[in-house]
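Report on the structure given below.
No value in this document is a laboratory result; all are computed from the given coordinates. Every value quoted in this text rests on a predicted model; they were computed, and no experiment measured them. Neighbour counts are summed over all protein chains in view; Cβ atoms, including those assigned to glycine, are modelled from backbone coordinates with ideal geometry.
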Ligand code: DGL
């Protein structure tokens, strides 16, 4: 069994998982974290399920060998294709995934119309199909793939005219749908939440699953007696696969962007 002093690993294809890391730090301020952004292979959402599973396993095994007490897959795409396989191979380990926050969106009002924004691969997978089936009688759910949006976030382009035009064109088919709510089913999208609102309308409620993931991670650690007993604030090590020899990849977009986001 893992030990309490070990760090919690947080993994995404790139920067997106920083939106989950932020909530994890809020929920678990005394824990140490290793954030692994596989920026060399981003985006995942347009790759095959097999390839994303292989990449996820390789990151997991690398971090497990280094010593971690939990693995948070802060990526809807990687969760969809790999979480069940990882848990099957490593049944003793704490492996937490994310999923689109459809439940709170559906429960927010009587039979709402909800668009779930996610990567093409997330929406294609069986896991999403099962989630959809659970709620299809209680809401009108529109799965909506957003290819290309992750790349804006990876570049750090989270404001500006080009992003606005891209979103106007992307969301054109949603304009007449009278949406009540939007679910951010990709951890990159919270970075462009205000832009999404400005294009789809400020009155449309937006849901994302980061807080739920942080709560679930805390619950699993607590249940296994693995919460840190440190009283000082924890630290975060960033690993960026585009800079394999630089742990903190200083100067990389990941650290700069992550740092800014965490401070905001
Ligand atoms: N952040 C990811 C997700 O939640 C993956 C995005 C990508 O690399 O395509 O789905």
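Some notes on this structure:
- Rg/Rh ratio calculated on Cα atoms of segment 138-207 (Kirkwood radius): 0.93
- The value obtained for the chain, namely the Cα convex hull volume divided by the number of residues, is 128 Å³ per residue.
- The coefficient of translational diffusion for segment 66-109, derived via Stokes-Einstein from the alpha carbon Kirkwood radius under 10 °C and 1.306 mPa s, stands at 134 µm²/s.
- Segment 97-250 - Kirkwood radius from inverse mean 1/r over Cα pairs (Å): 17.5 Å
- For 186, 146, order by how many other beta-carbon atoms lie within 10 Å, fewest first: 146, 186
- Volume of the convex hull of segment 1-64 (Cα atoms only), normalised per residue: 94 Å³.
- For segment 159-244, the spread of Cα positions along each principal axis, largest first, Å: 51, 35, 20
- Taking every DSSP helix (H) stretch of at least 4 residues in the chain, weighting each as -39,500 (n - 2.57) and dividing the sum by the residue count yields a mean residue ellipticity at 222 nm of -12500 deg cm²/dmol.
- As a length-normalised measure over Cα pairs under 8 Å and 6 or more apart, the relative contact order of the chain settles at 29 percent.
- Space enclosed by the convex hull of the alpha-carbon atoms of segment 95-165, per residue, Å³: 129 Å³
- Helix 126-135 axis, angle to the chain major axis (alpha carbon atoms, nearest 10°): 60 degrees
- Degrees separating the helix 76-89 axis from the principal Cα axis of the chain, which is the longest one: 40 degrees
- Computed over segment 8-77, relative contact order equals 54 percent, with contacts defined as Cα pairs under 8 Å that lie 6+ residues apart.
- The chain: angle of helix 253-263 to the longest principal axis, Cα-based, in degrees nearest 10: 80 degrees
- When each of 47, 193 is scored by the number of other beta-carbon atoms lying within 10 Å, the sequence from fewest to most is 193, 47.
- Compactness of segment 48-179 is given as radius of gyration and Dmax, 17.1, 51 Å, from Cα positions.
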